[in-house]
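Here is the structure we will look at.
The values are calculated or read from the model by the stated rules, or taken from the named source; none is laboratory data. A quick note: this is a predicted structure, and the numbers were derived from the prediction, not measured. Neighbour counts run over all protein chains shown; Cβ positions are idealised from the backbone, glycine included. Note: accessible area is taken over every heavy atom of the protein model, side chains too, but ligands, DNA and RNA are not part of it. Shrake-Rupley method; radii C 1.70, N 1.55, O 1.52, S 1.80 Å.
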Amino acid sequence: MSETLLKVNNLSVEFRTRAGVNYAVNDVSFELRRGETLGIVGESGSGKSVTCSALMGLLPRPPAHIAPQATALFGGRDLLRMPERELAGLRGNSISMIFQDPMTSLNPCMTIGEQVAEPLIIHRGMRRKDALRLAIEELARTGIPNPAQRAKAYPHEFSGGMRQRVMIAMALITRPQFLIADEPTTALDVTVQKQVLDLLRVRQQELGTAIILITHDLGVVRQYAHRIQVMYAGSVVESAPTEELLQQPRHAYTRSLMASRPGRQSRGQRLQTIPGLPPTLRRPITGCAFKPRNIIGNPELCLTESIPPLIEISPGHLVRNCPGCLSTATS
């Protein structure tokens, strides 16, 4: 078994605002092993990005408040308790992140080459000339044509797919131990999406980098993730090795996500959807959060007064033990 690189325990995040408290992430725990890809799946608002932003120290505090019992151990140090100066030394160095929209992440006033080289200048103390040379080499590895010339261009002169390749080059140029990819292909067409994800996988195999892949697309994690963690209403509802989870999904929410995938229905049939909306999380969840939307299981059996515990039903396969979500729908 691969070495555990990151161990997150009991992570809960609240946003305390004038409008009230938003319980964004609730008691999330997981491990990330060296060289593996962990896919985190769920609808918008399920807590995927907030979980990873908390690990990176990117949440403004206040209004964000992280539970005192939460820990995120990386190299023997707790990322959640680390002084900002130390954490800044890890970000972009040992830990990197690729965001959804590269156009909002890249500086429009700096050339591509300068931005890719910047982590080497900041974290490795390299001279600008040497850093730019390595930046051009990294751009070439990510498939940017004419990298020496394109390094002199600005972000607006690149297509969406090329900008995302630049973000990958920038994230990996320091050879980080783990990388967070927050829906890196959302705005890309299917062909470019596959190219970008294939590139990530190739670079991962070359560098041994562990990846947390945040997405709402089960098709993506099926091809690229070793393990999948399904989140709903700020909590983990199911987690398992990829093949086991996709072949034997147990929780009603996981089964609903899989049934909602385009292509699951015959031609002419209506696309299956999950009715309703996720809860607003303006108050703590007191029972099964998925009960109001549960049409695949049996909502009459869902817990209402206690949060279903996360139990292990087979080696590495965890699921919320809610009778209504683990059962099949009534006729």
**Request:** Read through the list (1) in contact with a His (Cβ under 9 Å, 6 or more places away or on another chain); (2) part of a strand (DSSP E or B), then give the number of the only condition that Leu213 fails.
**Result:** (1)
**Complete:** Residue count, region 201-234, condition under 27 Å from Gly75 (Cα atoms) and over 14 Å from the mean Cα position of the chain (by Cα), comes to 9
**Request:** Of the conditions (1) touching a residue at least 40 places away in the same chain (Cβ under 8 Å); (2) surrounded by 17 or more Cβ atoms within 10 Å (Cβ to Cβ); (3) under 27 Å from Lys194 (Cβ atoms), Leu120 clears all except one; give me its number.
**Result:** (3)
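For (1) surrounded by fewer than 22 Cβ atoms within 10 Å (Cβ to Cβ); (2) in a strand (DSSP E or B); (3) among the aromatic types (Phe, Trp, Tyr); (4) in contact with a helix residue (DSSP H, G or I) (Cβ under 8 Å, 6 or more places away or on another chain), each residue gets a yes or a no:
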{"position": "Leu11", "(1), (2), (3), (4)": "no, yes, no, yes"}
{"position": "Val21", "(1), (2), (3), (4)": "yes, yes, no, no"}
{"position": "Asn26", "(1), (2), (3), (4)": "no, yes, no, no"}
{"position": "Ser29", "(1), (2), (3), (4)": "yes, yes, no, no"}
{"position": "Leu32", "(1), (2), (3), (4)": "no, yes, no, no"}
{"position": "Ile40", "(1), (2), (3), (4)": "no, yes, no, yes"}
**Request:** Within region 81-100, track down each residue that is open to solvent by less than 70 Å² (accessible area, probe 1.4 Å), assigned to a loop (DSSP other than H, G, I, E, B) and out of contact with any Gly (no Cβ under 8 Å at 6 or more places or on another chain).
**Result:** Gly92, Asn93
**Item:** Filtered residues of region 163-196 (kept if assigned to a helix (DSSP H, G or I), aliphatic (A, V, I, L, M) and crowded, with 21+ Cβ neighbours inside 10 Å)
**Value:** Val166, Met167, Ile168, Ala169, Met170, Ala171, Leu172, Val196
**Request:** Within region 289-319, track down each residue that is in contact with a strand residue (DSSP E or B) (Cβ under 7 Å, 6 or more places away or on another chain) and open to solvent by less than 30 Å² (accessible area, probe 1.4 Å).
**Result:** Ala289, Phe290, Pro308, His317, Val319
**Message:** Name the single residue that is farthest from Leu281 (Cα to Cα) among those in region 226-266 being in contact with a Pro (Cβ under 9 Å, 6 or more places away or on another chain) and among the basic types (Lys, Arg).
**Reply:** Arg227
**Asked** Just one of Val116, Val166, Val190, Val196 is out of contact with any helix residue (DSSP H, G or I) (no Cβ under 6 Å at 6 or more places or on another chain) and closer than 30 Å to Val41 by Cα; which is it?
**Response** Val190
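Yes/no per residue for (1) touching a His at 6+ places or on another chain (Cβ under 7 Å); (2) closer than 22 Å to Met103 by Cβ; (3) open to solvent by 10 Å² or more (accessible area, probe 1.4 Å):
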residue: Thr209; (1), (2), (3): no, no, no
residue: Gln229; (1), (2), (3): no, no, no
residue: Ala240; (1), (2), (3): yes, no, no
residue: Leu246; (1), (2), (3): no, no, yes
residue: Tyr253; (1), (2), (3): no, no, no
residue: Arg267; (1), (2), (3): no, no, yes
residue: Arg270; (1), (2), (3): no, no, yes
